[in-house]
Structure formats: structure tokens, C-alpha cells
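One structure is given below, encoded as C-alpha cells.
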Amino acid sequence: MAAELTLIVEMVTVLGTAAAGGYLANRLGQPVLLGYLLGGMLIGPTGFRLVTLEGDIQVLSEIGVALLLFALGVEFSLKDLLRMRAIALGGGSLQIILTILLGGGLAYLTGWVTTIPKATFLGAVLSLSSTAVVLKSLIERNETQTNHGQIMLTILIVQDLAVGLMLAILPALTQPTDVIGSALLSALLRALLFLGGAILMGKWVIPFLVQLIAHTGSQELFLLGILVLCLGIALITSALGLGIEMGAFVAGLMISNVEYADHALDRMLPMRDVFATLFFASIGLLIDPTFLLANLWTLIGLVAVAMLGKAMIATAVVSLFGYSLKTALTVGLGINQIGEFSFVLAGVAQNQGLFPPRLYGLTVGTTAATLLLTPFLLRATPLLLTGLEQIPWVNRLLQLNHSPKLFGREEELSGHVVVVGYGRVGQTLVRMLYFQGYPILVIDNNEAVLQSLRERAIPYLFGDASSTLVLEKAKLPQAKAMAIALPDPMATRLTLNRALSLAPDLDITVRAHGNEEIDTLYQLGAQEVVQPEFEASLEMGAHMLLKLGDSTFEVQQVVNRYRTGRYRDILPERAEYWGAADLESVIEGLQRHWYRLPANSPLVGLSLAQANIRRLTGATIMAIERRKQLYRYPTGEMTLEAGDRLLVVGNPEDHAAFTRRLEAP
């Protein structure tokens, strides 16, 4: 077969297997990246040997790396970095440095690597986390705007920015010991000179060239011009000894300041995805499953040490910047994997002769395993922290460094409205209340958004609203009302539950994040639950009905019917809506327990409204099981019978009070 056809056959084989592996990984709820790696392993020299021409595939994968880093540079957000610059620049940089020192130092002291350059490179590989996997998991859990989500993303931005610097500096570590200092200095000077030239070109030359190409109106020319720019600058840095990766990343940064940046990224993404797939699959070609099985216990140990050590470092760094231990643990357990750009660094280390085959194989295997475990760990973290909060001394420890800081005089807090969460919804609420003259207290734990409150002298508490300490400081019994507009569904439920335990009669309005939360929040005691998407649909529907000729009175009746029915008419069918899986997901994070209703209980024969469980005990009955029939979210008219099994949620004090009420003679 001709060499050209062999390359085409191998490309189709690699891409086809990667697509199949990615599809399988996606269906199993895992990052598609793992499917690419497994696909490469399957067809590589240690698998079915369908691909043996590593040289050509390697060249194409280098293009994938360049496009991957180019896109990273274009997507780089200086605005996001500066908004939380203290934890981003200070915390992110400290996390990288500590991981390199401790990770590389431990490897060197234990004899796992034999030289300091190898230890430094290995530490750099360990210091990077996966932006793609973490961001996907945060989006799926609606946590991108939470405090821990914002901290994770800003630290990840700093890590991504550090990739370019590492790729420029670290290869100098391959030089002989007697000249390594001068080699590092030379690499740093070359990088600085190149960056200086890039800044000048990015300000004067690149915008002109991109605008010139864009004015042709040809999408093909625009794509071609951007591609030539990316790979051309990458070749320049390669010639300077800085590697093509550094050049591609800087090219992306240069484009990011041009008004056509979004369009350039949009045109490049399909090419990036194809060639990046080749890159990750080519890594899979080099992974030997037999080798990994033979070193299974070593691999398990490395994964445990890497994830535990990195979690401890990230947790300590975030705590150092004044955040609660709970927030710090969430961040630490969220970014303790080894990221996809670590594959790039490991590949550079192998090409430079720093990583022998065994070290490279274990590094790649450890990275893949941590990526595989990350989604599970992110899902388990809230449950783990909720369980720990039930232990009194651990709960006190979790609130360490997070005692609420009140802006304003405490003695003036009376008859006020508490607004929890100062995001987009919270800011609108505060603005309305402020201009109507109502006293306000805002609770938020994101320092970056509180400056406007200081300027208007609006009292606020800096802290986690789901913390009992913070809620006590807010003087809820003296408050007129409360609005919870948090971006985190679990924090919303915990805040509502704990606020009512302190002030049972408080009028609380809550923002729901999804259909399945509406009845849960009402059941937990909210006076009003608002679902923004449904409110938007009601406003759009009202506008359309008015335009179609309905009277204002008729339209108001329709909208009010939907609202007073708790959106029931526009919710999914009841049979689907009351699914057990939904019940489990919406009470996630709340302490729950099943109780059997004895025949001699005073509750037997009472309706839920008459029993008034939530008011008298603080606990909430979320479901009743009777004669193998499960009634979820029971209404106040439902009568309790002997033998009923009751699913109750609440804190330990609520459960103790409910037990006394259940068993009272």
C-alpha cells in the first residue's frame, strides 16, 4: 500500500476508534478524553497493532497540541482573573509552586526519580488540573457561580496560563548540570524577548492583518489566515528553542484582544477538536495495558498520593486566603486531578529524555485514572461534607476562618429584609428594596461582588449562608422577610432549612433552580418559590396573549392561575415528576431518616396540617410509605395511620424533637 494511503487508513482508524471510545465514555458519564485514550490503547502497538506508523500520526498530533493551546490562549479571560485576583494570582501561583516543590521533592527523596530536573518536571505535571472536566462537572451541577466554583475556575485559569511558561522554561532542565543555570536564564530571556515582540505585534500588526482578512468576507480565507498565524508563530518559537506549544499559546493570547476573537475561535474549534483527538489517541498508542497491570499497585498508590496530596495543598492554600475549611475542602477535592495539559508536559519530558518509558507510562496512567475518578469525587463531595457537618466538633472545624463579618452596626438590625446571594437575581432584589426604603442585610461569600454594597453603606455579612453561625448573626427572628437567591441548589435547601429552625415564622421567598425543586422547597417551609425560567415563560406568554387580543384582566387571570397553582399546569406529568430518583436528588445534602409510626403515637389519626410537625419540631415529612404505596410530598390534608413509614428531613435537633413527638404518650 502506498505511504499516502497508509497514512489515510491510519488516520481513519485512529479517529474512528477514538470516536467509538469517546461515545462509550460519554454514555457511561465519563470524560470523552478517556475514550480517546482507551481507543488509542486498543489499536496501538500493545493492542491489535492496527497502527504502527507512529511518526506521521505524531506529526498530526503535534498540530493538535498547537491548536489546543491556541484555543486556550483565545479563551483566556483576563477579566475573570482580575475579578478574584487575590485567590487567583496568589492562591493559584502558590498552589502550583507548592505542588512542584512537594510532589517533585517527595519523588526525589523516595528515589522514584533520580535527578532534580526530572523531579521538577514531574512536579509541574502534577500541578496542573483539568479545566475541561471540572468545568463540565460544575455546569452539570449548576455550580459555576457558587463561591467554590468561582475559586476553582480562577485557579484553573492561572494553571492554564502557567502552561505556556512551563513549556518555555522547563525544557532547559535537560542541559548539563554545570550549564543548567545559564540555560534557564537564556530560556527565560528568549521567552521575555518573544513575549515583548508578541505584545507589540498583538497591538499593532495582528489586528491589522486579521481585519484585512475579515474584510474580504471569505470564511475560507479567514480560517486559513488564522491557521497560518497560529502555526507560523509556533514555528518561530520552535526555532527559538521554546517549543511550538509556547508559540501557539501566545498566538491565541494575541488573537484574544482582537474584536474578531470569538469568530476566530468558532472557526478553529472543529479543526482543534479533530487534531486534539489525534493527539490524545496518540498518547493512548503509547500506553501499554500489560505494563499498567503489572504495576497496578504502584499505579493505585500513585493515584492515591497524587489526589490526596494535591487536595491537601489546594485546601491549605484556599484556607490561607480566609475562606472556610468547608469551601477550601470543596475546592481541594474538586481540582485534585491531573489535567489534560499534563499529557503535553509529559510528552515534552519524554521527547527531551527526562522521562524514561516506565516513568512516562506510570505518569500517563496516573493522569488518566485521576480524570476517571474526578466526576465521581465531585458528586460525592457535598454528601461527604454534609455527613461531616453532623459531627459537632468537625462542624466547628469546618466553619474555621469563616466567622461572619458584619458590615454595619448590629444593634440597627431589626425589621430588616435578608437577601441571601448577591448574584444577578440578588442584585435586582436589593436594588428594588433599597429604592423603596426598606432596611436590608445581604449575605454572600464572594468578596468580588460586595463593593457596591460598601459604596451604598448597605449592611452585609460575608460568609456562607448555609452556616448556622452566619444565620444567627443575621438576627432572623427580628427580620421581616428573607429571600434566598443562591446559585447552588444544595446550599439553597440547607439555608432554608436552617433559617426556619432559627425563625419558624419568617416569611421566606426562594429561587428554585429546576422543576423538581419547587414542591420540595414549599415542603421545607418556603412561603413562595420562584422559578426564573417559568417566570420568563409567563411574561412572554402574557405579552403574546395581549398582542393576540385578550384583555388585560383575562391575561392576569391566566398568569395568576399558573402562579397560585405553583406552576402545576406547566410542570411535567405527575407520574414522571414524582419519581423516586427526583426525591433522592432534591433532598441531597439534608439529613434524612425513615420512622415507623407506632399504633400508640398521638400523631395517628391527625392530618399533617393538624400535626403541624414542621412548626413544632423543625423537621419536615417528605414522603409517606403505606401498604407498599409511596406518597411523595404529602399535602396537609393527608391523615397519618398506624404503621406508616415517614421519611423525615432535618438537623439532629429536629430529629430528636420529632422522635419525642412521635413517641409521646
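Laid out as a table, the results:
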| item | result |
| --- | --- |
| Residue among GLY225, GLY217, GLY197, GLY252 that alone is crowded, with 18+ Cβ neighbours inside 10 Å and without any contact (Cβ under 8 Å) to a residue 24 or more places away in the chain | GLY225 |
| Residue in segment 651-661 that is hydroxyl-bearing (Ser, Thr, Tyr), under 30 Å from SER467 (Cα atoms) and in contact with a Gly (Cβ under 8 Å, 6 or more places away or on another chain) present | no |
| Condition broken by GLN211, with the remaining ones in (1) touching a residue at least 24 places away in the same chain (Cβ under 8 Å); (2) farther than 30 Å from PRO375 by Cα; (3) in contact with a helix residue (DSSP H, G or I) (Cβ under 7 Å, 6 or more places away or on another chain) satisfied | (3) |
| Every residue from segment 98-111 that is under 16 Å from GLY301 (Cβ atoms) and free of Cβ contacts under 8 Å to residues at least 60 places away in the same chain | ALA107, LEU109, THR110, GLY111 |
| Matching residues in segment 638-665 - criterion: being among the acidic types (Asp, Glu) and surrounded by fewer than 19 Cβ atoms within 10 Å (Cβ to Cβ) | GLU641, GLU653, GLU663 |
| ILE443, sole failed condition from (1) crowded, with 16+ Cβ neighbours inside 10 Å; (2) on the phi > 0 side of the Ramachandran plot | (2) |
| Candidate set from segment 445-465 (those that are among the small types (Gly, Ala, Ser) and closer than 15 Å to ALA485 by Cα); member that is modelled with the lowest pLDDT | GLY463 |
| Selected residue [hydrophobic (A, V, I, L, M, F, W, C), within 19 Å of SER324 (Cβ to Cβ) and at pLDDT 75 or above] from VAL442, VAL425, VAL417, VAL430 | VAL442 |
| Test: residue in segment 626-637 that is outside any strand (DSSP E or B), of a type in the set (Gly, Ala, Ser) and buried (at least 20 other Cβ atoms within 10 Å of the Cβ) | no |
| Segments classed as helices (runs of 4 or more DSSP H), wholly inside segment 523-595, with at least 1 members that are surrounded by 11 or more Cβ atoms within 10 Å (Cβ to Cβ) and at pLDDT 80 or above | 532-547, 552-564 |
| Number of positions in segment 639-665 that are at negative phi, within 41 Å of the chain's Cα centre (by Cα) and assigned to a loop (DSSP other than H, G, I, E, B) | 2 |
| Pairs, first closer than 20 Å to THR13 by Cβ in segment 60-75, second surrounded by 22 or more Cβ atoms within 10 Å (Cβ to Cβ) and of a type in the set (S, T, N, Q), C-beta under 6 Å, six or more apart | SER61/SER282 |
| Some residue of segment 394-411 being farther than 30 Å from PRO652 by Cβ and either at pLDDT 85 or above or of a type in the set (Phe, Trp, Tyr) (or both) | yes |
| In segment 495-509, the residues that are buried (at least 22 other Cβ atoms within 10 Å of the Cβ) and under 18 Å from VAL425 (Cβ atoms) | THR495, LEU496, ALA499, ILE508 |
| Residue among LEU109, LEU122 that is farther than 30 Å from MET490 by Cα, touching a helix residue (DSSP H, G or I) at 6+ places or on another chain (Cβ under 8 Å) and of a type outside the set (S, T, N, Q) | LEU122 |
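Listed here are the residues, each with its yes/no results for (1) free of Cβ contacts under 8 Å to residues at least 24 places away in the same chain; (2) crowded, with 18+ Cβ neighbours inside 10 Å.
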site: GLY437; (1), (2): yes, no
site: LEU453; (1), (2): no, yes
site: ALA457; (1), (2): no, no
site: GLY463; (1), (2): no, yes
site: SER467; (1), (2): no, yes
site: ALA474; (1), (2): no, yes
site: GLN478; (1), (2): no, no
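The values are calculated or read from the model by the stated rules, or taken from the named source; none is laboratory data. These numbers were taken from a predicted model, which means no experiment stands behind them. Virtual Cβ from ideal backbone geometry, glycine too; neighbours counted across all protein chains shown.
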